[in-house]
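Any read-out appearing in this document is the output of simple, stated calculations on the displayed coordinates, not a laboratory observation. As the structure is a prediction and not an experimental result, all values here were calculated from the model. Here the Cβ positions follow ideal geometry from the backbone for every residue, glycine too, while neighbour counts run over all protein chains shown.
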Amino acid sequence: QTHKREAFGSRNVFILSAIGSAVGLGNIWRFPYVAYEGGGGAFLIPYLCALLTAGIPLLFFDYAIGHRFRGSAPLAFRRMHRAAEPLGWWQVLICVVIAVYYAVIIAWAAMYTWFSAQLTWGPGNENDFFFIDFLRSADVAEVGVSTEFVPQVGIPLVVVWLIVIVIMALGVKRGIGRANMILMPLLTVMFAILVVQSLFLPGAMEGLNAFFTPNWEALADPGVWASAYGHIFFSLSVAFGIMVTYSSYLKRKTDLTGSGLVVAFANSGFEILAGIGVFAALGFMAQAQGTEVAGVASSGIGLAFIAFPTIVSQATGGSIIGVLFFGALVFAGVTSLISILEVIVAALQDKLGWARVRTTLTVAIPLAIVSMALFSTTTALSVLDTADAFVNAFGIMAVALVAVIIVAWLLHKLPVFVEHLNRRSSFRVGLLWKLLVGVLAPLVLGYLLVSELMTKINEPYSGYPGWFLAIFGWGMVIALVVLALLLSALPWSGRSHAKDDP
Ligand code: PHE
Ligand code: NA
């Protein structure tokens, strides 16, 4: 007996869910900062190049795999070729790592939504509040990996897990589809209000000037191009198995490339709006402190959890800005987290032939426990920072590189995908697409991977102790590959016979 594969209610629900996955923490705090570092206004050129030459072509690549082979990542790759199954498990395991820390940032943002409403940190104390009062951060070099529980992180984290478990257990149509149908319009409205409101802050124009004034010299720096490509992979969630999984829930006759273009441009729209909103707010902050915008434009976590609270303290109506900003982070984060979890749930459902609820609980409860154990303690920040840096560099980029090489060069599947994509799509692909996916993408990814490898070998990441990086950095990324091979060796349940092109 075979159970019918789940499906999205309509193409629009799929598009909304794919946008929900793409628009995440990366759009709201990562992009503004990366763009600013990469030359401000001039960064838009490498950014657009990366979007058009790598982001969108690889998005189509993921759609083609998921839609043609109609399976979770391991099943889809296995149907392509028996020996390609580990690629799917590798993506699943990357999602396992990301899920356990992504939930934590959502829990922080949820607490900060609440704190914003009442200015809990007290003006002028935003930095200490985040590291000392809220996270109770301790140094791994001194205390090792701590197990000391931090309740103000642990409790919201339980709530986040409970909410996503309910959504996941309800299934693709009633859970994931419906959550996105509700959260994405809400997110868009909150975001629009936030951006407009930030433009009216005194000093906003200075911030926008800092953001949009091009530094043309940055264009000559290969590092800037590398960061544009790196950001696009992360931002569009390509090579995570997510788009493979989601597109496997699409009806046979669907305009794949048209959907992909909508998703890609919606994601970039959010990103550019976030840049405008965040820099308007930073302009205000710089003016209030009598400094330059450059001085207050800090890095990722700092931007969200230190700079924004400062703005909330200082602006009139700051609490509203804070609630909208952190609320937007929560909603954007939840819709991305469910897409990450779906990669894992779908893979086990396919492999074991289990029902939805049973698989969801089997996946999510252990993940929630690991997430709590590692990240509601006083050394959470170091573990999170390290896991994030290593899994992005040596997980995502590595699996994307290996996948394009195997699929394009060893299995020669690109012509099949061109035909599959063109069969029902409004936007046709051809030779250019094959060159971008088969030649340009591996070159760019290979370059990025080697340069990341050199940096991380040459100096210990963020100055963490060697034993610590050996476990949560190098050890973790190596374990993913080994486990992926082991999981591929396990048998498939009879119900999900892995034949080619169903
Ligand atoms: N694309 C998301 C963002 O821009 C990040 C993400 C990564 C989402 C992995 C899901 C999975 O924030
Ligand atoms: Na994104």
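Dividing the summed helix terms, -39500 (n - 2.57) for each DSSP H run of n ≥ 4, by the number of residues in the chain produces a 222 nm estimate of -21000 deg cm²/dmol to the nearest 500. Taking other Cβ atoms within 10 Å as a rough exposure proxy, ILE471, ILE163, ILE344, ILE457 sort from fewest to most as ILE457, ILE471, ILE163, ILE344. Each of HIS81, HIS231 has some number of other Cβ atoms within 10 Å of its Cβ, and from fewest to most they run HIS81, HIS231. According to the Kirkwood expression over distinct Cα-Cα pairs, how big is the hydrodynamic radius of the stretch 427-496, in Å? Result for the stretch 427-496 stands at 15.8 Å. What does the charge count around VAL224 come to, taking other residues whose C-beta lies under 10 Å from its C-beta (Lys +1, Arg +1, Asp -1, Glu -1)? Around VAL224, the charge tally is -3. Residues in the stretch 485-493 carry Karplus couplings, in order, of 5, 5, 4, 5, 7, 6, x, 8, 5 Hz; the curve used is 6.51 cos²θ - 1.76 cosθ + 1.60 with θ = phi - 60°, and Gly or Pro positions show x. From least to most packed, judged by other beta carbons within 10 angstrom and beginning with the fewest, GLU37, GLU142, GLU419 follow the order GLU142, GLU419, GLU37.
Kirkwood's formula applied to the C-alpha pairs of the stretch 163-279 gives a hydrodynamic radius of 17.4 angstrom. Could you tell me the center-to-center distance, by alpha carbons, between the stretch 1-70 and the stretch 200-227 in angstrom? Cα centres, the stretch 1-70 to the stretch 200-227: 23 Å. Here the scattering of the stretch 212-345 is modelled by Debye summation over its C-alpha atoms, one equal scatterer each and no solvent; at q = 0.17, 0.19 Å⁻¹ the log10 of I(q)/I(0) is -1.11, -1.24. If you look at the Cα atoms of the stretch 100-240, you get an Rg and a Dmax of 19.9, 51 Å. Summing +1 for each Lys or Arg and -1 for each Asp or Glu among the other residues whose beta-carbon sits under 13 angstrom from that of ALA380 gives -3. The charge dipole of the chain, taken about the Cα centre with unit charges on the Cβ atoms of Lys, Arg (+1) and Asp, Glu (-1), comes to about 2860 debye, rounded to the nearest 20. All other residues with a Cβ under 15 Å from the Cβ of MET181 taken together, and with Lys, Arg as +1 and Asp, Glu as -1, what is their net charge? In short, +4.
Rounded, prolate or oblate: which fits the stretch 274-330 when a ≥ b ≥ c are the square roots of the eigenvalues of the alpha-carbon gyration tensor, with rounded for a/c under 1.5 and prolate only if a/b beats b/c? Cα axes put the stretch 274-330 in the oblate bin. Excluding residues on the same chain fewer than 8 positions from LYS4, give the lysines whose Cα lies under 29 Å from its Cα. Excluding near neighbours in sequence, the set is LYS173, LYS251, LYS253, LYS351, LYS413, LYS499. Taking all Cα-Cα distances within the chain, those exceeding 45 Å account for 8%.
Shape class for the stretch 349-502, computed from the alpha carbon gyration tensor (a ≥ b ≥ c): oblate, with a/c not under 1.5 and a/b at or below b/c.
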